[in-house]
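The structure appears below as C-alpha cells.
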Amino acid sequence: MKILILGATGFIGSVVAARLGADGHMVTGLARNPGRAHIKYPSTSWIKADLATMTDPSDWLALLSDHQVVVNCAGALQDGLSDDLSATQERAMLALYAAAAQSGTELIVQISARTDGVGKEQPFLTTKRNADEALAASGLNHVILRPALVLGRNAHGGTALLRALAAMPCILPLIHAQSPIETVSVDDVAATVSEAVTGQFPSGADIDLAGGDVLTLGELVTLHRNWLGLAPARIVPIPVVLAKPVTWVADIAGRFGWRSPLRSTAMAVMSEGVLSRHHMQHRPSQRLATAAEILNASPSGIQDLWSARLYLLKPLMIAGLALFWMLSGIMPLLAPITASRHFLPFMSPGMATTLTIATCLLDIALGTLVLVRPFARAALYGMLVVTLAYLTGGTLLEPSLWLDPLGPLVKVLPSILLTVATLATLAILEER
C-alpha cells in the first residue's frame, strides 16, 4: 500500500515509518525539512509540508490522491514559537478528514492519547479530543490508538527527561513521585499500526496501548537508573508548589521555541499519572512489553549516560552564555566614553564611542538571539566569530591591553572558556 505518515520524523513516527517500510509498503512522510529527513531516513519518500499551514481541504487533496492510507503520528505538547496546537492537531486534521472523504482514502490511523482525566482541559488534550471526535463522526474507515508513556531505544521529550532524572548525582528529586505510570514500547506501537493497516481491527476501533505493569514515577526513574548502570540513589519528593517556578520558566522557554517536557501541560497530566482504560473492546494481538522488558531489550551504552547527564545541563549552558554576552554588552554601555578610550590611539573620539556602542549592541543581540530556538545555532556561531575577532583585533592593534586588568580583552579570557561551552552547546543543540 501507499501510506502517508504525518509526523514521520518524530520519536514515534520514525519507528512507524521504518516498520511499515519493512512490511513492504511504500511510505511517504511529511517534513518541514525533507532534505535532512531524506539523509536520515533514505528509505522513506519525503514531501515538504507544515501541518500548521494545511488547514483547508484543498491543501490535502493532491497528497491523498496518491495514497491509500494515512497514519497520523504528529503532535505537540503545548503552544509555542514553533507549535500551534489548534492548527496542527485540530484544524489541519478536520481539513484532512474532509479531503479524505472526497478522495476515497481507505484508512486513517490516528495516534492520539487518553484525553480525559485531570488535564483534559489542557489545549494539548482538548485539540486531540476534538480531532478524535471529528474522525469518529466522519464516516471514514479509521482506527484510533492511545499509547501510554512511550519508551524506546531512542529518547525524546518525556522519555529523555526520565533518563536525565535517573542520571542525577546522589539523589533523585522528583515531582509527583507516586503518580502511577503505564508504559508501552514504541516498537509495539508500530506493530499495532501495522496490524491496523492490514485490516486486523474493525473501523472505529479505539485502542489503548499499555504494557500491563503499573509503576510509580519514582519506580520508573529508578528502573532507568539501573538501566544506565548507576548506583542506587534516594528519591527526594519535591512539593508541587516548589516546582511551579520551573514550570513557569519552561512555559516561557516554550514561547521561544524550546520544547521542554517540564511545561505546565506535562505537569498537569503527570499529577494524575498515565493510565489506560481497561474496558476496551479491541486489543492488539501481540503481548505488549513491560517497561523492564523494553529497557532490557536494548542495553544502555556510554552514549546514553552522556546524553542523560547533558540533557539538564543544556538549558543551563544556553542561559549562561546568554547572560554572559548580554552583561558584556550592557556593562560598557553604562560608561561608553570610558569604555571607548582604548580605541582613541586609532580613531577619533566620536568614532571610538560609536564602535564601542556597536560592539556592545552586537554582544547584547547575540545573547538575546541564543535564547530563541530558531536563531540559537546562528547566534552560537556568531559568538565564536566575535570572540575570535575581539581576541585577534585587540592583540594586533594594542597588545598592551592584555596587561590592563580592567581592559576590554579581560572579558575574552572567560569568553575563551565559554567558547568551549559554546562548542558543546552546538554539539547538543538538536532535539531529535
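The values are calculated or read from the model by the stated rules, or taken from the named source; none is laboratory data. Being a predicted model, the structure only gives us computed values, none of them experimental. Neighbour counts run over all protein chains shown; Cβ positions are idealised from the backbone, glycine included. Accessible surface areas use protein heavy atoms only, side chains included; no ligands, DNA or RNA. Shrake-Rupley method; radii C 1.70, N 1.55, O 1.52, S 1.80 Å.
Roughly speaking, to the nearest percent, how much of the chain's 1.4 Å accessible area is carbon and sulfur?
On the way: 13220 of 20150 Å².
So the carbon and sulfur contribution to the accessible surface is 66 percent.
On average, how much accessible surface per residue is there in the chain, in Å², for a 1.4 Å probe, leaving out ligands, DNA and RNA?
On the way: 20150 Å² over 432 residues.
Solvent-accessible surface per residue comes out at 47 Å².
Along the charge dipole of region 71-183, which of Leu151, Leu94, Gly80 sits closest to the positive end, that is, farthest toward it, with unit charges on the beta carbon of Lys, Arg, Asp and Glu (+1, +1, -1, -1)?
Going by the charge dipole, the pick is Leu151.
How long is the gain from Ser203 to Ser348 if the chain were fully straight, where each residue apart is worth 0.36 nm and the alpha carbon distance is subtracted? Spell out each step's value before the answer.
Numbers: separation 145, 0.36 × 145 = 52.20 nm, distance 7.91 nm.
Roughly 44.3 nm would be gained on extension.
Multiplying the sequence separation of Leu388 and Gln286 by 0.36 nm and subtracting their Cα-Cα distance, what value in nm do you get? Before the final figure, lay out each step's value.
Details: separation 102, 0.36 × 102 = 36.72 nm, distance 5.84 nm.
So the chain would gain 30.9 nm between Leu388 and Gln286.
Using a Förster radius of 60 Å, what is the FRET efficiency between Met1 and Arg234 based on their Cβ-Cβ separation? Nearest 0.05, please. Walk me through the intermediate numbers first.
Values: r = 52 Å, r/R0 = 0.86.
The calculated FRET efficiency here is 0.70.
For Leu426 and Val372, calculate 0.36 nm times their separation in residues minus their Cα-Cα distance, and state this gained length in nm to one decimal. Could the numbers behind the result be given before it?
On the way: separation 54, 0.36 × 54 = 19.44 nm, distance 1.39 nm.
This chain segment gains 18.0 nm when fully extended.
How large is log10 I(q)/I(0) at q = 0.11, 0.14 Å⁻¹ when the Debye formula is applied to the Cα atoms of region 225-356, each weighted equally and without solvent?
-0.73, -0.97
Provide the three semi-axes, in whole Å and in decreasing order, of the ellipsoid equivalent to region 1-111 as defined by the square roots of 5 times the Cα gyration tensor eigenvalues. Display every interim value, and only then the final one.
Values: eigenvalues 78, 64, 28 Å².
Taking √(5λ) for each eigenvalue gives 20, 18, 12 Å, largest first.
Once both labels are modelled 7 Å past Cα along the beta-carbon direction, what's the Gln102-Leu312 spacing in nm?
The modelled label-to-label distance comes out at 5.1 nm.
Highest first, please rank the peptides 166-175, 6-15, 332-341, 212-221 by the mean number of other Cβ atoms sitting within 10 Å of their residues.
Details: 166-175: 17.0, 6-15: 24.1, 332-341: 14.2, 212-221: 19.9.
Final packing ranking: 6-15, 212-221, 166-175, 332-341.
Could you give the radius of gyration (one decimal) and Dmax (whole number) of the Cα atoms in region 124-219, in Å?
16.5, 55
Rounded to the nearest 0.05, what FRET efficiency do Ile171 and Leu81 have when you use their Cβ-Cβ distance and R0 = 30 Å?
Details: r = 34 Å, r/R0 = 1.12.
In this case the efficiency is close to 0.35.
Using a Gaussian network model on the chain with a 10 Å cutoff between Cα atoms, which of Ala292, Ala322, Ala137 fluctuates the most?
Highest fluctuation among the options: Ala137.
Using a Förster distance of 35 Å, how high is the FRET efficiency between Arg255 and Ala297, based on the Cβ-Cβ distance and rounded to 0.05?
On the way: r = 38 Å, r/R0 = 1.08.
Working from the Cβ atoms, E equals 0.40.
Given the peptides 191-204, 226-239, 55-68, arrange them by the average over their residues of other C-beta atoms within 10 Å, most packed first.
The peptides rank, most packed first, as 191-204, 55-68, 226-239.
At what distance in nm do the modelled label points of Leu333 and Ala137 sit from each other, each positioned 7 Å from its Cα along Cα→Cβ?
5.3
Using a Gaussian network model of the chain with C-alpha springs under 10 Å, which one of Pro374, Pro261, Pro147 is most mobile by mean-square fluctuation?
Maximum among the listed residues: Pro374.
Mind checking which of Phe324, Phe124, Phe346 has the largest fluctuation in a GNM of the chain, springs on alpha carbons under 10 Å?
Phe346
Along each of its three principal axes, how wide is the spread of alpha-carbon positions in the chain, in whole angstrom units, largest first?
83, 54, 37
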